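Take a look at the structure below.
The values are calculated or read from the model by the stated rules, or taken from the named source; none is laboratory data. Just so we're clear, the structure is a prediction, and the values are computed from it rather than from any experiment. Cβ coordinates were reconstructed from backbone atoms using ideal geometry, including for glycine residues, and neighbour counts include every protein chain displayed. What goes into the accessible areas is simple: the full protein's heavy atoms, side chains included, and nothing from ligands, DNA or RNA. Shrake-Rupley method; radii C 1.70, N 1.55, O 1.52, S 1.80 Å.
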Amino acid sequence: MSEVMTIGEPMVNLIVDSQETYLEARTLPREMAGAEFNVAIGVTRQGHSIRYVTTLGNDWQGDLILDYMNGIGIDTRNIRRVSESATGYQLKVRSSDGEPKVIYFRSGSAASRTTPDIVDDIDFDGIKILHITGIFSALAPNTYDTVTRLVDTAKQHGVTVLFDPNPRPTLWPSEEAMIDATNKLAAKSDVFMPGLEEGRLFSGKTGPRDIAEWYLDMGIGKVIIKLGDVGSVLFERTSDGDLSETVVPSFVVNVVDTVGAGDGFASGVITALLEGLDNERLLERANAVGAIQVTSVSDSEGLPTSEELREFIALTPRKEISL
């Protein structure tokens with residue numbers, strides 16, 4: 001029985017693990033990728049259970065992903081397989097500044113063919129948290145409708161909905177469409193987790209407090225804003241209606257690859273909520289997982305176990321932070 005559920009597009013990740021270009025590279029190690037997939041791995045490594053909802057092609061990529069998921073204990077009972085569309089994949093090359101170049105091969109993918117009726121087969125027994133992102137929602141109108149139905153159904157079963165907007169403007173017909181669709185999903189969520197620039201884009205506000213209040217006024221319970229590499233802040237309303245904020249710094253690390261940092265952060269938030277941690281310890285854990293992830297070239301292989309996480313938090317110096 002799984003505690004967490006996510007829906008997304010897992011992909012095979014072919015990495016040029018050097019400073020070579022695609023043309024120069026002679027080997028392309030295979031790993032796994034996808035924001036929601038990274039979160040699923042992070043949750044599993046921290047000792048919790050998670051179910052993945054998606055559609056994969058009947059191809060070697062789909063086989064590889066499914067075998068990997070089953071091998072590490074991700075619940076795959078709600079993954080469909082289809083023959084008419086292929087499983088997406090991506091190519092990634094490292095760069096010296098920690099911002100890798102990524103090329104996606106996902107147009108018309110099996111995941112993008114997912115339809116709302118997939119929700120009809122889901123048993124929500126035991127599910128406590130649903131994690132969604134703006135990526136899967138942006139793949140096609142049918143995937144947005146699927147996410148919307150999944151969220152609505154989950155809330156009917158008392159499931160907490162955590163939404164990381166993770167915007168991909170190139171997947172939307174316009175910025176206006178992306179903002180409108182994102183805010184409609186945000187209004188349905190219990191925990192909303194934008195980065196600072198994302199929050200500014202979607203709300204039209206500038207400061208973290210103004211952004212948070214704009215979303216809290218929608219009825220969202222917690223707004224967590226990621227402040228880049230310096231830390232994060234959590235806002236919520238007190239019983240008197242006042243704005244409460246918790247600010248926690250991140251950790252000092254050597255950055256190798258920034259991909260997956262936000263996904264690691266999300267996995268820390270999810271497991272902290274499951275374990276009932278207070279807001280300060282929740283952000284501490286989320287910051288730590290994100291910081292650990294950027295020290296690895298892989299999108300998810302650097303995600304820590306619970307023991308590794310405890311040791312990192314105990315031994316790693318913190319940064320300075322202020323709003």
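Residue by residue, what Karplus-based ³J(HN,Hα) values in Hz, rounded to whole numbers, does the range 80-89 have, using 6.51, -1.76 and 1.60 with θ = phi - 60° and x for Gly and Pro?
Each residue of the range 80-89 in turn: 8, 10, 10, 9, 7, 9, 8, 6, x, 8 Hz.
I'd like the GluC sites (Glu not before Pro) in the range 203-251 restricted to DSSP loop residues with at most 16 other Cβ atoms within 10 Å, sorted by number.
Details: sites: Glu213, Glu236, Glu245; in loops: none.
Nothing satisfies the criteria.
Write out the trypsin sites (Lys or Arg not before Pro) in the range 38-112 meeting two conditions: DSSP loop, and at most 15 other Cβ atoms within 10 Å of their Cβ. Could you put the intermediate results ahead of the total?
Details: sites: Arg45, Arg51, Arg77, Arg80, Arg81, Lys92, Arg94, Lys101, Arg106; in loops: Arg77, Arg94, Arg106.
Counting only loop positions with at most 15 other Cβ atoms within 10 Å, the trypsin sites (Lys or Arg not before Pro) in the range 38-112 are Arg77.
With N denoting the number of residues in the chain, provide Rg(C-alpha) divided by 2.2 N^0.38 Å, to two decimal places.
Values: Rg = 18.6 Å, N = 323, 2.2 N^0.38 = 19.8 Å.
Cα Rg divided by the expected 2.2 N^0.38 Å: 0.94.
Can you give me the long-range amide H partners of Arg80? Hydrogens built in the peptide plane at 1.01 Å from N, cutoff under 5 Å, separation of 5 or more residues or another chain.
Thr54, Thr55, Leu56
Let's see if you can work this out: charge +1 on each Lys and Arg Cβ, -1 on each Asp and Glu Cβ, no other charges. What is the dipole magnitude of the range 38-191 about its Cα centre, in debye to the nearest 20?
On the way: 16 positive and 19 negative charges, 61 e Å.
Result for the range 38-191 is approximately 300 debye, rounded to the nearest 20.
For the range 35-192, what class follows from the C-alpha gyration tensor (a ≥ b ≥ c being the square roots of its eigenvalues): rounded when a/c is under 1.5, otherwise prolate if a/b is larger than b/c, else oblate? Each step should come with its number before you reach the end.
On the way: a/c = 1.30, a/b = 1.08, b/c = 1.20.
Verdict is rounded for the range 35-192.
Give me the percent of the accessible area of the chain that comes from carbon and sulfur atoms, probe 1.4 Å, all protein chains in place.
Carbon and sulfur: 48 percent of the exposed surface of the chain.
To one decimal place, what orientation-averaged projected area in nm² is obtained for the convex hull of the Cα set of the range 250-311?
Details: hull surface 15.0 nm².
With the hull built on Cα positions only, its mean projection is 3.8 nm².
Put +1 on the Cβ of each Lys and Arg and -1 on the Cβ of each Asp and Glu in the chain; which of Pro208, Tyr144, Pro249 then has its Cα farthest toward the positive end of the dipole?
Going by the charge dipole, the pick is Tyr144.
Take the range 202-269, compute every pairwise Cα distance, and split them into 5 Å bins from 0; I just need the percent in each bin.
Taking all Cα pairs of the range 202-269, the binned fractions are 3, 14, 24, 22, 17, 11, 5, 2, 1 percent.
Using the heavy atoms of the protein chains alone and a 1.4 angstrom probe, what is the accessible area of the chain per residue in square angstrom? Working shown, then result.
Details: 13450 Å² over 323 residues.
It amounts to 42 Å² per residue over the chain.
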